[in-house]
Amino acid sequence: MTPAPGSFIAIEYTKWPDQLHYAYRMRVLGEDDFGVWGRCDAGEQVHKAGKPEFIRASALLCLIPRTGCWSATWYPPSEERLEVYIDINTSPVWTSDAVSMIDVDFDVLRHRDRTVELLDEDEFEAHRVTYGYPDDLIEYARTAALDTLAKASNPSEPFAHAWQPWYAEIHSTLPSP
């Protein structure tokens, strides 16, 4: 079921196996072959571990695939250094008005100058022991992180050009390269 443009989807990230992590809302812009695109509005409350954490300062473009190993957030034009932040997670579980996934620690960050970083390798190593990640989750997370790093570095879609019309819909412009 495709959520209607303008409707809200609740987004919930957990940590293994079922600890609340981050939760917020996304206003649906539309859907394409890459997933559900939306905007996280300025002024929206973001929760961490079930408690208010911060209020979003600016609107962000988000993409949650129907299936896959990541979710992505593009920064606004006012952010001169950072372009896209990609969380590595389990495949999203969708209902009619919500999506949830397990955050597996790794993140990929692409800067506006096109440099790309893999973040939180140390967090992953600590959590795999502390939380007792099963072997298949460890392999999944490592593979997903490297595959996503390559996809953001090359870049291939949706990180090449597919995001740009959605971004322009929110920000009325594209950031300067």
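Hey, could you check region 38-78 for residues that are small (Gly, Ala, Ser) and in a strand (DSSP E or B) and say which is farthest from Thr143 (Cα to Cα)? Working first, answer last.
Of all residues in region 38-78, those small (Gly, Ala, Ser) come to 38, 42-43, 49-50, 57-59, 68, 71-72, 78.
From what is left, the residues that are in a strand (DSSP E or B) are 38, 71-72.
On the way: Gly38: 27, Ser71: 15, Ala72: 17 Å.
Restricting to residues being small (Gly, Ala, Ser) and in a strand (DSSP E or B), the top hit is Gly38.
Out of Ala23, Ala10, which single residue is buried (at least 18 other Cβ atoms within 10 Å of the Cβ), part of a strand (DSSP E or B) and among the small types (Gly, Ala, Ser)? Steps first, please.
On the way: Ala10 fails: buried (at least 18 other Cβ atoms within 10 Å of the Cβ).
Being buried (at least 18 other Cβ atoms within 10 Å of the Cβ), part of a strand (DSSP E or B) and among the small types (Gly, Ala, Ser) holds for just one of Ala23, Ala10, which is Ala23.
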Take Ser91 and tell me if it is out of contact with any strand residue (DSSP E or B) (no Cβ under 8 Å at 6 or more places or on another chain) and surrounded by fewer than 22 Cβ atoms within 10 Å (Cβ to Cβ). no
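Throughout, read-outs are computed from the coordinates displayed, never taken from laboratory work. Remember, it's a predicted structure, so these values are computed and weren't measured experimentally. When we count neighbours, we look across all protein chains shown, and the Cβ atoms used for this are built from the backbone with ideal geometry, even at glycine.
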